[in-house]
Amino acid sequence: QVQLVESGGGLVQTGGSLRLSCAASGSIFMINSMGWYRQAPGKQRELVATITSGGSTNYADSVKGRFTISRDNARNTEYLQMNSLEPEDTAVYYCYAVLQRTPTYTKNMYWGQGTQVTVSS
């Protein structure tokens, strides 16, 4: 089994910062890409940031310059540092990881349980 456990969400005022973490555990051979999505009430799920196994990153235009994604491969953990938060960032944030459980296993995407981020004005 593979689990992704998120932490770090909460309530913050406009302009504040939060750091989300997502730790993968279980039977894991290799993690390829990792990233974060978010979903606000009444809106579609939005891709926020991605990071490859080599460390290449990509961001949604709405968070560029404010959010930073990173990963610790030794700990199978990814992070999302969120600065200059705005009320529009309020959403449930979901992490994901594309990984192989064994050398011959196909790659599959696994999801975290979601963590609420609320930014008050």
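How large a share of the accessible area of the chain, in percent, is made up of carbon and sulfur atoms when the probe is 1.4 Å and the other protein chains stay in place?
On the way: 3010 of 6400 Å².
On the chain, the fraction of accessible area on carbon and sulfur atoms equals 47 percent.
With the other protein chains left in place, how much accessible area per residue, in square angstrom, belongs to segment 68-121 at a 1.4 angstrom probe? Can you show the working numbers first?
On the way: 2710 Å² over 54 residues.
Here the per-residue accessible area is 50 Å².
What is the local net charge at Met34, summed over the other residues whose Cβ is closer than 14 Å to its Cβ (Lys, Arg +1; Asp, Glu -1)?
Working: positive: Arg71, Arg75, Lys107; negative: Glu6, Asp72, Glu78.
Counting the neighbours of Met34, the net charge comes to 0.
Within the chain, what percent of beta bridges assigned by DSSP are antiparallel, to the nearest 5?
90 percent
Placing unit charges on C-beta atoms (Lys and Arg positive, Asp and Glu negative, everything else neutral), compute the dipole magnitude of the chain about its Cα centre in debye, rounded to 20. Mind showing how you got there, number by number?
Numbers: 10 positive and 8 negative charges, 57 e Å.
I would put it at about 280 debye.
The values are calculated or read from the model by the stated rules, or taken from the named source; none is laboratory data. Not measured: the values here are computed from a predicted model. Counting neighbours? That spans all protein chains shown, and the Cβs are built from the backbone with ideal geometry, glycine included. Only protein heavy atoms, including side chains, enter the accessible area calculation; ligands, DNA and RNA are left aside. Shrake-Rupley method; radii C 1.70, N 1.55, O 1.52, S 1.80 Å.
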